[in-house]
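Any read-out appearing in this document is the output of simple, stated calculations on the displayed coordinates, not a laboratory observation. No experiment lies behind these values; they were computed from the predicted model shown. As a convention, Cβ positions derive from the backbone with ideal geometry for all residues, glycine included, and neighbour counts pool all protein chains shown.
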Amino acid sequence: MKIVVAGKGGVGKTTVSGTISRALARAGHDVLALDADTNPMLGVSLGVGPEETDLLVAVRQGLETGETEHEETTEGFVRRFGRDAPDGVRLVVASRIDRPNPGCACCGVSAESLLTELESDGKIIIGDLEAGIGTVMRLQEGHADIVLVVAQPTAKSLFIAKRAVELTDDRGGRVIVIANRVRNDEDLEVIREAVGDCEMVVVPDDAAIALADREGRAAIDVDPNSPGVRVLIDLADRLASLAVPV
Amino acid sequence: MATVAERPRGLRLAVVGKGGAGKSVVSGTLARVLARRGHRVLALDSDTLPGIAWSIGAGVSEEDDVPLNSAAWRDEKGRWHLNKGVGPARAVQRYATTAPDGVRLLQIGKNDRRGVGPNRASHNAFWQIVQRLDEPSSLQSWTFLGDLPAGARQAAYNWAPYARQFLLVVEPTYQSMMTARRIARIMRTMRGDDVEISLVVNKAAADGDGERVQEFLDVPLLAVVPVDEGVTTAERAGVALLDLVPDSPVVRAIEGLADVLDAASIERI
């Protein structure tokens, strides 16, 4: 199964991707966490650590300077540009960050191509997308079984969430909105109003997640029982049950 | 001391940082604060997602095309050209809208469900205009303030060649700090010593947040902006902080930032 996570920058996409990946792996699933953001940070939320995350990005950047050889196969790509994260999650960084074009022309690797080529066969692939709606627009059949759209109660975030939902609906894809940093009914109301009548999970504003952000740690390591983290673990359970063929 | 209007050259600023760090709130508020002090401010918005327009209080229309879409045309080979007679000065005159406090706002069209397509003219026009924005003598005394799209990769686009000072807006979170460090590296590679890079710490929640971020990034710290409920409320409503909560501590911190920027520019004269 392939799940992608979309939304405005700073709404919590990476926290959602990292926490769900870890929770799925803890439950015994084979998880590939694909960092398809052109500003890759998924390592931080998986609990790999900030400096290790930047090292992984540097390996990817090494393609440019010739320090790293190009990789033509998807499996090789996962091996070479990936590393193991806690709970047995495999993390792979898909994008470079220093160029207007994030893909690598000679390998032909892009977030979309990886999503297409990676076989899920029993694995659960979690793709943390670039902020905004660019990648969501380019998603095609076979790229994702479920699109998680992360939204927070701000006009800018909802502008993007609304479009991501519409685009996924237009394609007939399944979308779940994750209402993040919800403090009160008013917050929830503005989100509900913007995205309309679609499946929604509400993540309350959570001190443990905020602390994880400040310290560069995985939220699930800071407190697996905090209210926000629990909602995401429950969501992971639900997603896993969808992956089992009926 | 020369008044702002008499100075030969205005400020040349661009605001960069991670998505959600508060670039638009800082740049939108700063634009108006500078305008109230006598700067002729041109705010430049190259984001395909709505940003500064809300924070500056100009509002955002979801349906209407931005004026800049009529500034360029495409030839048979698919190349874009500015309309005849449209240089940077005329483009500002004709296609920049007027925001509160007399700030002029030049912006590209925003992505909707149709994608970039309908707004491609404005993107190309904008790009061509900013490349030559520093040339017209009539704009020399203006202050330019660009709100750049989020993220590290965006720094590699040449959206703000006019800028001499890049303000990194950074939250005291690792993701925000790491993004800023990546941006600073890309900027230095691209522009070398041609630009100053400095720091605005935003959403400071604890003592020492400013110092902590500065230590991580090792660039001059110009302002520490506290976390504030007023911003949350303004952002939820999509209105300018200056209009909703004019006495917010965030506004005061950004006034302090304007002091620092102004003082430095006088020193340079």
Taking +1 at the Cβ of each Lys and Arg and -1 at the Cβ of each Asp and Glu, which of A:210, B:163, A:4 sits farthest along the dipole of the protein assembly as shown towards its positive end, judged by Cα position relative to the Cα centre?
-> B:163
1/(1 + (r/R0)^6) with r = Cβ-Cβ of residue A:140 and residue A:215, R0 = 45 Å, i.e. FRET efficiency to nearest 0.05, evaluates to 0.75
For chain A, which DSSP H helices look membrane-span-like by this rule: Cα extent along the axis of 18 Å or more and mean Kyte-Doolittle of at least 0.5?
-> A:227-243
Grab the DSSP H runs of the protein assembly as shown that are 4 residues or longer, score each as -39,500 (n - 2.57), total them, divide by all residues and round the 222 nm result to the nearest 500 deg cm²/dmol.
-> -12000 deg cm²/dmol
Prolate/oblate/rounded label for chain B (Cα gyration tensor, a/c 1.5) | rounded
Which ³J(HN,Hα) values in Hz, rounded to whole numbers, follow from the phi angles of segment A:115-127 under the Karplus curve 6.51 cos²θ - 1.76 cosθ + 1.60, where θ = phi - 60° and Gly and Pro get x?
-> 4, 6, 7, 5, 7, 7, 2, x, 7, 10, 9, 10, x
Chain B: angle of helix B:249-268 to the longest principal axis, Cα-based, in degrees nearest 10 = 70 degrees
For the protein assembly as shown: rounded, prolate or oblate by the Cα gyration tensor [a/c cutoff 1.5] | prolate
Cross-link partners of residue A:162 among lysines (Cα-Cα below 30 Å; sequence separation of 8 or more within a chain) | A:2, A:8, A:13, A:123, B:18, B:23, B:110, B:203
Would you mind calculating the gained length between residue B:207 and residue B:194 on full extension (0.36 nm times residue separation, minus the Cα-Cα distance), in nm to one decimal?
-> 1.3 nm
For residue A:6, residues with placed amide H under 5 Å, excluding near neighbours = A:148, A:149, A:150
Taking H placed 1.01 Å from N in the peptide plane, check which residues at least 5 places from residue B:72 or on another chain put their amide H under 5 Å from its amide H.
-> B:83
